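Asks: First, the structure itself, so that you have it in front of you.
The values are calculated or read from the model by the stated rules, or taken from the named source; none is laboratory data. Remember, predicted model here, so these are calculated numbers, not experimental data. Note: ideal-geometry Cβ built from the backbone for every residue, glycine included; neighbour counts use all protein chains shown. Surface areas here come from the heavy atoms of the whole protein model, side chains and all, with no ligands, DNA or RNA. Shrake-Rupley method; radii C 1.70, N 1.55, O 1.52, S 1.80 Å.
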Amino acid sequence: MADGHAESSKKRDEESEEGLDFSPFWGIEKGAVLQEARCFNESQLDARRCQQVITKLLYLSNQGDSFTKVEATEVFFSVTKLFQSSDSNLRRMVYLIIKEICPSADEVIIVTSSLMKDMNSKIDLYRSNAIRVLCNITDAGLLGQIERYLKQAVVDKNATVSSAALVSGHHLLQVNSEIVKRWSSEVQEALSSKNPLVQYHALGLLHRIKQNDRLAVSKLVTQLSRSPLRSSLAQCLVIRYVAQVIKDTKVDEVTGERPFFDFLESCLRHKSETVIFEAARVIIELNEVTTRELQPAVTVLQLFLSSSKPILRFAAIRALNKVAMNNPSSMTNCNIDMESMISDQNRSIATLAITTLLKTGKESSIDRLMKQISTFMTDIQDEFKVVVVEAIQELCLKFPHKHRILMNFLSNVLREEGGFEYKKTIVDCILCLVKSIPDATEAGLTHLSEFIEDCEFTYLSSQVLHLLGELGPSTADPGKYIRYIYNRVILENATIRASAVCALANFGSCSVALRARVLTLLQRCLYDNDDEVRDRAAFFLSVLRTIPETDSECVEDPLIYPLAPLEASLRQYLENTGDSAFDLAVINQIHNNIASHPDMHASAFDCSSMNISSTKNDLRESENIITSRGEFMSYGPIFKVSSYSSSVVNSCHAVDLTEAETEYKVTCTKHIFKEHIVFHFMCSNTIEDQILENVSVVTDPIEGIEVFAKVSTIPLGTMPLGQFGSTFVSYKRAQGLHPVAKMACTLKFTSKEIDPSSGEPESEGYEDEYTLEDIDVTVTDFLTGNPLSAFRKVWDTLPIENEKVGDYSLGTRDSLGEALEAVVGILGMAACEGSEVIAPHARSHTTLLSGFFVGGHSVLVQLNLGMGPSNSVAMKLIVRAEKPYIADMIHTLVSEA
Amino acid sequence: MGYFSWFFGLMGKRKTKVNILIVGLDNSGKTSIIERMKLQSGKVPKGGMPQEVTPTVGFSVDEFSKGSLSFTVFDMSGAGRYRNLWERHFREAAAVVFVVDSADKLRLCVAKDELDAMLESSELLGKPFLVFANKMDLPTALSPVDVAQGLSLDEIEAHPWQIVPSNALDGSGLQEGLDWLANFLNK
Ligand SMILES: Nc1nc2c(ncn2[C@@H]2O[C@H](COP(=O)(O)OP(=O)(O)OP(=O)(O)O)[C@@H](O)[C@H]2O)c(=O)[nH]1
Ligand SMILES: [Mg+2]
């Protein structure tokens, strides 16, 4: 049987190859065809010849040849002359080429009248095609003129005409949905057509017309589920719509019955395989499907596994593969069938069978399975291999005891030929296993060491070397890796050599026993002909020499200095061109300060997210200035930086407090610390003949006086001309209170005029002040996002007593997405697990948000949105936090926004 | 003359196909004239004039026959934005029918400009021009003589031409005009 297949498919291949040779169009040239197209302009048309030329043009365009605008226009205009011919075959080609070549909206419109005539012609072929083309090119203005005809055509007794109108309805929905909606009774009528295609198109259109009306859809589906449709494609659509309705309705609490399940089950007995698959697929994807519900679907699919048609086998195994992901136990019966499929002629089927087996397999069957796979691996392509390796990784994590055999398998395939993607997947897989299964570490590292002995991919070699440096020193016998690593220094390109040097250094610093040997090896690297390699070697040599003989500590990765402050201080250093050496301690100090603090992660995250979103690094710059000042060191690390107003959260521009075009420019940035808040004012003088000295900003809390107590004001000596100078005001925040405030700000300074004759400033100045705009401090300033991958887990750790629930009305909104965006914008928290993605047309949605309140307190939010009639959006907000007052704060923030 | 055309000639079926361009400003009555001619040649069975005529977008092609001639008419839209489309059809046209709304005195000069441009085209050189002074029934209509004068027809030298008063609503004048054309084209 299988042989027969192979033979016939081989025959077909040959045929198609021959067909290629004899294709009348093979190798035709655009220029020549365009020449030929002149025959369209002849006054005595040769219909057959014109048809052939159009076919050639269509062929070219389908082959990817494109026509220039001039060419397209020329062809189009001459094609329009072909409307004079009444040859129906030629006319059909004319319709096709018009759709294909459509030069520009302006020009294409000139065939409108001709098409409208055809639309009313007596020839069905003309009518159906004219409808399709016309709807393709029509604009809103003309639509009104042809609507009447289209509506009639929907119920035309000719199936092609009716289908054409229905399909055009689909397209027109995007252009003008109102018009199409007026057809609903005609479309309903078409739904009962005897022609399957018409039925299919009618159902699709009817559903789209009604799709925003849940009740109507549910009614339609209920009605259709009672009487099966003639068209199996339409029946598939019904199944899909049913799936949607099931998703939107709740399981019956009392009986636990799912609505429409009987219908789905009955579809599993349909005479069309397409319908059966559709029903099985929907059942498999049901939310929280039970084993009992799955059983009938799995049984049917199992039957298909032994079908003689590859397409059925493929569809069945693919569906079962899905089952295996969530309910592997419900398909144990299929294992035997699937095992025989490993040798299936069709590699896609075989791969799916294997990956499915890897998911359903029991610990006891792994050995047998791996043997089968090994022989199979050699004759499939890389993209299939990748899938298999990924499945093996999952399996290994599931059955860590089996790591030996699985790791062996991986090392074997690693040694075989393969492209980058494939090799990378294997290496990633080993890395993952090494890190998550302690017992597998040594074996994994050994395999990887052997791999880099003969690895053609620089990226992978570097990655492995890094891992060896990281994990190797803590293994039982670190010495054995040294040889592998040093070999790389001798044999490889500069990038790999540099990575190898780092790895070596790590061994040297962590292991007292190996240090002397490593030093010798590094010494040799000093003669490397690459700068980077030499630099690294020299650096590590000097670091290693400073470590006391008996100590073992890992070499500090120079990159753990926070990059931004490092860069800022280096730049400052270069500008000052001082004689003293650059002192890393400055950064080190800041860094240690951060490292010793539990908030570090929040802060680090915040920086990185800012970095991504910032175009102008105003905030970043301000942050660097703050961290490089000694005064605020005792406040700990910065939790969040924001510009002054809550309405511009995430904006990374500092906010101007002065109007443009004044004599001085002042911007403000807020820095939130664990218990403090620092306002950083950047001031700049814009007038040349004055000097502003002793500059400070006086802040007066108008609101929030009970929360914020002023700690210090740091004035600025002189306001520089054209550049920014900094002055600061810091406040301490009372804990447990709602951190909201409004500050009135006044700029104070002493102004001295410059004497134009001498160019010297006057000795006596006068004091002056200038009112700045108010600064707002809001709760959002104290919140940062903290995306979680396992929301539920963290949610459950937070005390339920601290849970606060509230209902809000968000007014009418265009979509749930818009409403969600608004709320997330106010809260400034991060959405988790992709829950910010809302299904199109969803009427309800739940989003999970997570964040930190200053001080490292987790805050989690479950946000349920629902859209009622007339698009009014209601929101239920469930908040859990470590402290009840924080949960309250979130609610206040939302209700006051 | 080949064997086949002799055969068809014998059967009285073979008709000479001629392409005709029908142009003129928008709303002058081109489409109405064609519909009426089709009616007269018996192409539209019964039911009289088909509904109301809508302004033509771009162009549309029609056919009817008259004696031994089979006319393929390109009914061009007169709307300003489509007028440059006319010239794309000059080459294949055997004759031009130019329709003027005799009651539209205001735009007679525009019609004249369009006509002059066509008369100058080398692709139409020597081809016959039939001018319909249409909408004669309207009380405000100019006389054919006035229309001819407004269009300076008597200055035309390189083309045979004829002006015929017409009314597309009842068909009067159309027959006469067509006879002149047929006569010319049969030669
Ligand atoms: N009274 C009168 N009305 C006419 C006559 N001929 C045409 N009309 C009317 O004039 C209007 C325009 O006629 P159409 O045939 O659409 O004119 P057209 O030249 O084809 O116009 P476009 O396609 O826009 O270039 C219609 O309302 C006709 O009923 C006529 O001889 N007498
Ligand atoms: Mg018209």
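Asks: Suppose we filter A:I691, A:I687, A:I705 for residues that are part of a strand (DSSP E or B) and farther than 21 Å from A:E623 by Cα; which single one remains?
Replies: One residue alone meets the criteria, A:I691.
Asks: A:V155: within 14 Å of chain B (Cβ to nearest Cβ) and within 45 Å of the chain's Cα centre (by Cα), yes or no?
Replies: Working: within 14 Å of chain B (Cβ to nearest Cβ): no; within 45 Å of the chain's Cα centre (by Cα): yes.
Answer is no for this residue.
Asks: If you go through region B:40-76 one residue at a time, how many are modelled with pLDDT of 80 or more, of a type in the set (S, T, Y) and away from ligand 2 (no atom under 14 Å from the Cβ)?
Replies: Within region B:40-76, residues that are modelled with pLDDT of 80 or more, of a type in the set (S, T, Y) and away from ligand 2 (no atom under 14 Å from the Cβ) number 4.
Asks: At pLDDT 95 or above and either out of contact with any Ser or Thr (no Cβ under 7 Å at 6 or more places or on another chain) or loosely packed, with under 15 Cβ neighbours inside 10 Å (or both): is that true of B:P160 in this structure?
Replies: No; evaluated as a whole, the condition is false for this residue.
Asks: Might you check whether a residue that is closer than 30 Å to A:L215 by Cα, of a type in the set (G, A, S), touching a strand residue (DSSP E or B) at 6+ places or on another chain (Cβ under 6 Å) and open to solvent by less than 20 Å² (accessible area, probe 1.4 Å) occurs anywhere in region A:834-845?
Replies: Within region A:834-845, one or more residues are closer than 30 Å to A:L215 by Cα, of a type in the set (G, A, S), touching a strand residue (DSSP E or B) at 6+ places or on another chain (Cβ under 6 Å) and open to solvent by less than 20 Å² (accessible area, probe 1.4 Å).
Asks: Could you say which residue among B:E87, B:E123, B:E114, B:E92 is within 14 Å of another protein chain (Cβ to nearest Cβ), touching a helix residue (DSSP H, G or I) at 6+ places or on another chain (Cβ under 7 Å) and either of a type outside the set (F, W, Y) or on the phi > 0 side of the Ramachandran plot (or both)?
Replies: Of the residues listed, the single one that is within 14 Å of another protein chain (Cβ to nearest Cβ), touching a helix residue (DSSP H, G or I) at 6+ places or on another chain (Cβ under 7 Å) and either of a type outside the set (F, W, Y) or on the phi > 0 side of the Ramachandran plot (or both) is B:E92.
Asks: I'd like to verify a number: residues in region A:886-897 that are open to solvent by 50 Å² or more (accessible area, probe 1.4 Å) and modelled with pLDDT of 85 or more, how many?
Replies: 1
Asks: Assuming B:T54 fulfils every condition listed in (1) more than 9 Å from chain A (Cβ to nearest Cβ); (2) among the polar types (S, T, N, Q); (3) under 26 Å from B:D137 (Cα atoms) apart from one, which condition is it?
Replies: Failed condition: (1).
Asks: Scanning region B:60-111 for residues that are closer than 29 Å to B:V145 by Cβ, within 16 Å of ligand 1 (Cβ to nearest atom) and of a type in the set (G, A, S), which turns out most open to solvent (accessible area, probe 1.4 Å)?
Replies: B:G80
Asks: Shifting gears a bit: So A:S730 clears everything in (1) assigned to a helix (DSSP H, G or I); (2) at pLDDT 85 or above except one condition, right? Which one?
Replies: Condition not satisfied by A:S730: (1).
Asks: In this structure, is A:A741 touching a residue at least 24 places away in the same chain (Cβ under 8 Å) and open to solvent by less than 30 Å² (accessible area, probe 1.4 Å)?
Replies: yes
Asks: Search region A:154-182 for residues that are assigned to a helix (DSSP H, G or I) and pair each with any residue that is acidic (D, E) when their beta-carbon atoms are under 8 Å apart and the residues are at least 6 apart or on different chains.
Replies: Sorted first by the residue in region A:154-182, then by its partner, the pairs are A:V154/A:E186; A:V154/A:E189; A:T160/A:D124; A:V161/A:D124; A:S162/A:D156; A:A165/A:D156; A:I179/A:E147.
Asks: Got a number for residues in region B:141-174 being within 14 Å of ligand 1 (Cβ to nearest atom) and closer than 17 Å to B:V18 by Cβ?
Replies: Selection size over region B:141-174: 1.
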